[in-house]
1. Based on the Kirkwood radius over alpha-carbon pairs, what is the Stokes-Einstein translational diffusion coefficient of the range 29-113 at 25 °C with 0.890 mPa s viscosity, in µm²/s?
2. To the nearest Å, what is the center-to-center distance of the range 168-214 and the range 235-282, using C-alpha atoms only?
3. Which one of His188, His122, His102 has the biggest mean-square fluctuation once the chain is modelled by GNM with Cα springs under 10 Å?
4. Under the definition of Cα pairs under 8 Å and six or more residues apart, what whole-number percent is the relative contact order of the range 1-61?
5. Given the options Asn85, Asn272, Asn51, which has the most mean-square fluctuation in a GNM of the chain, springs set between C-alpha atoms less than 10 angstrom apart?
6. What is the distance in Å between the Cα centres of the range 68-106 and the range 1-29?
7. Can you give me the convex hull volume of the Cα atoms of the range 159-282, divided per residue and expressed in Å³?
8. How much of the DSSP beta bridge set in the range 139-262 is antiparallel, as a percent to the nearest 5?
Amino acid sequence: MAEIIDGKKTAQSIKDELRARTEELRKQGREATLAVVLVGRDLASAGYVRNKKKACEYCGIRSLSYELPETTSEQELLSLIAGLNADPAVNGILVQLPLPLHMNAQKVIEAISPAKDVDGFHPQSVGALSIGLPGYRSCTPAGIIELLRRYHIAMAGKECVIVGRSNIVGKPMAMLMLREDATVTIAHSKTADLAAVTRRADILIVAVGKAGLIEKKHVKPGAVVIDCGMNRDPDGTLCGDVNFAEVEELCSAITPVPGGVGPMTIAMLMSNCLDSLALQRH
Ligand code: NDP
């Protein structure tokens with residue numbers, strides 16, 4: 001039976017550590033403020049935003065909420081971001097994705113000051129990560145590294161296969177794993193023989209968005225399996241990209257869905273918010 005990597009418990013420990021840090025900072029008269037921007041009425045996005053604001057409250061981070069109607073123009077959103085960039089009382093800016101179709105998400109991401117880019121999506125943050133300079137790290141990949149560290153899972157010299165090459169998970173994950181001295185392979189929808197590639201992995205990280213894509217045949221016995229997927233199965237239950245019941249029998253450790261990578265993403269966002277205080281001092 002595999003060890004279950006408990007993201008919920010680990011995220012709770014991190015949030016407790018951050019809460020202690022914010023108490024110390026408050027004694028020095030310093031407070032972090034996160035501006036959270038939501039455009040439209042997408043139910044899933046509204047849920048993510050609610051969870052992020054709740055985490056802010058728990059950790060002692062002030063959150064400012066901007067809930068804009070679906071009909072907001074791109075220019076109106078860009079003006080709001082410009083105002084938040086210029087406001088010294090705001091340390092971090094988060095624009096919840098996806099944005100309505102009439103907006104250019106990349107343009108919006110690039111409008112956020114790199115000093116306040118706590119999601120780590122700005123090209124400057126991505127570039128800094130690629131060449132090992134300080135900067136914000138994308139929260140989901142950063143959360144996975146933190147989970148592996150806290151479970152004492154060695155990364156240096158290991159074969160790591162990442163399935164998925166998105167800008168927010170797969171690619172930054174590869175960069176972070178390289179920084180940990182893993183040997184990294186990225187697989188994607190055009191990979192010719194997915195199972196042959198994933199079976200090489202000592203650490204298999206899956207970020208695709210297809211329920212049950214990864215089965216027993218994709219996993220080397222004893223591998224560590226990290227599942228980022230957030231899907232709904234036919235009866236509406238949240239599930240990952242990995243067929244958990246099958247894979248758990250042969251891997252050494254695995255993250256569940258829910259309760260694995262998801263809670264870590266929010267904990268790392270909180271961590272980035274506190275780091276923003278230090279980054280903006282220089
Ligand atoms: P994207 O849709 O942006 O990317 C999916 C990737 O999977 C693409 O690179 C695509 O390849 C690849 N892919 C699609 N089908 C296959 C296949 N059959 N075999 C191999 N690769 C395939 O998704 P995201 O990266 O944004 O998200 C991935 C999953 O992670 C989703 O379920 C999402 O909800 C979840 N997620 C969870 C987070 C959390 O906090 N837990 C945070 C962010 C995401 P190609 O590039 O060739 O099209």
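1. Result for D is 185 µm²/s.
2. Each part reduced to its Cα centre gives a spacing of 16 Å.
3. Among His188, His122, His102, the largest GNM mean-square fluctuation belongs to His102.
4. Over the range 1-61, the number comes to 46 percent.
5. So, out of Asn85, Asn272, Asn51, the one fluctuating most is Asn51.
6. 29 Å
7. Per-residue hull volume (Cα only) is 118 Å³.
8. If we restrict to bridges inside the range 139-262, about 10 percent are antiparallel.
Read the figures in this text as sums done on the coordinates, not as results from a lab. Because the structure is a prediction, the values reported are computed rather than measured. All Cβ positions, even for glycine, are placed from backbone atoms using ideal geometry, and neighbour counts span all protein chains on display.
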